[in-house]
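Input: a single structure, listed below in structure tokens.
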Amino acid sequence: MVQTIVMPEFSYEAEGAADRGGALWVPLDELAAASGWEIKPEGACRGEACVPLPAGAGWVVEGRFNLSALAAHLGQPVLHDSPSGTWAFGESAAARRDSLLSLQAPDFTLPDLEGRQHSLSDYRGRKVFLASWASW
């Protein structure tokens, strides 16, 4: 069964990935495309950042990498819907904390009452007043 991997930046349909006992095992040759991670001698690497993997933890078995175990190791939340084969990976608590401490608002785009799209980045360098409302 194809496993859909949803990362914060993109999603990927991993044909060779498998759910084994509630863990997502991705073939090493699909790992970079599916997650952005690569296995190197120094550990799991995404770009220039590498995470050393604990020895003897069984991260790679039969040419597959346990992506859900890496997420747990990094403190990343993972949601799994078994019937649809969908895995959603969230931002780690540490990364979220760092972004909140930076006081930088994430860019977003919303429509006005006439349907025109406005992005926060369109107003960079200018004061912006944001008002939010919820019915609940």
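In sequence order, what are the phi-derived ³J(HN,Hα) couplings for the range 90-102 according to the Karplus relation 6.51 cos²θ - 1.76 cosθ + 1.60 with θ = phi - 60°, rounded to whole Hz, with x for glycine and proline?
Couplings: x, 6, 5, 4, 5, 5, 5, 4, 4, 5, 5, 5, 6 Hz.
What nm value, rounded to one decimal, do you get for the distance between Asp19 and Glu91 when each label is placed 7 Å out toward the C-beta?
Reported label-point gap for Asp19 and Glu91 is 2.7 nm.
Counting only helical runs of four or more DSSP H residues, what would the 222 nm mean residue ellipticity of the chain come to if each run contributes -39,500 (n - 2.57) and the total is spread over all its residues?
-5000 deg cm²/dmol
Let me know the shape class of the range 70-112, please: from the alpha-carbon gyration tensor, a ≥ b ≥ c as square roots of the eigenvalues, rounded when a/c is under 1.5, otherwise prolate if a/b is greater than b/c, or oblate.
Verdict is oblate for the range 70-112.
Can you compute the modelled spin-label distance between Asp112 and Lys127, with each label point 7 Å from Cα toward Cβ, in nm?
So the two model labels end up 1.9 nm from each other.
Tell me, what is the FRET efficiency for Ala105 and Val51 to the nearest 0.05, using R0 = 35 angstrom and their Cβ-Cβ distance as r?
Calculated value: 0.80.
Would the range 1-56 count as rounded, prolate or oblate if I go by the C-alpha gyration tensor, calling it rounded below 1.5 in a/c and otherwise prolate when a/b exceeds b/c, oblate otherwise?
Verdict is oblate for the range 1-56.
Tell me, what % of the accessible area of the chain is carbon and sulfur with a 1.4 angstrom probe?
Of all accessible area on the chain, carbon and sulfur atoms account for 57 percent.
Considering only protein heavy atoms, what per residue accessible area in square angstrom results for the chain with a 1.4 angstrom probe?
68 Å²
Testing the spin-label approximation: label points 7 Å from Cα along Cα→Cβ at Phe10 and Val61. State their distance in nm.
Placing both labels 7 Å along Cα→Cβ, they lie 2.8 nm apart.
What percent of all Cα-Cα pairs in the chain falls in each 10 Å bin, counting up from 0?
Bins of 10 Å from zero give 10, 33, 26, 19, 10, 1 percent of pairs.
As I understand it, the dipole of the range 1-131 uses +1 on the Cβ of Lys and Arg and -1 on the Cβ of Asp and Glu, about the Cα centre. Which of Leu103, Gly115, Ile5 lies farthest toward its positive end?
Value: Leu103.
With the dipole of the range 2-84 worked out from charges on the C-beta (+1 for Lys and Arg, -1 for Asp and Glu) around the Cα centre, which of Asn66, Ala18, Ser35 lies farthest toward the positive end?
The listed residue farthest towards the positive side: Asn66.
So how far, in whole Å, is the C-alpha centre of the range 106-136 from the one of the range 1-72?
With the range 106-136 and the range 1-72 each reduced to a Cα centre, they are spaced 36 Å.
To the nearest 20 debye, what charge dipole does the chain have about its Cα centre, counting +1 at the Cβ of each Lys and Arg and -1 at the Cβ of each Asp and Glu?
About 520 debye.
The values are calculated or read from the model by the stated rules, or taken from the named source; none is laboratory data. Given the structure is predicted, the values throughout are model-derived calculations rather than measurements. Reconstructed Cβ throughout: ideal geometry from the backbone, glycine too, with neighbour counts over all protein chains shown. Protein only, heavy atoms only, side chains kept; ligands, DNA and RNA dropped before computing areas. Shrake-Rupley method; radii C 1.70, N 1.55, O 1.52, S 1.80 Å.
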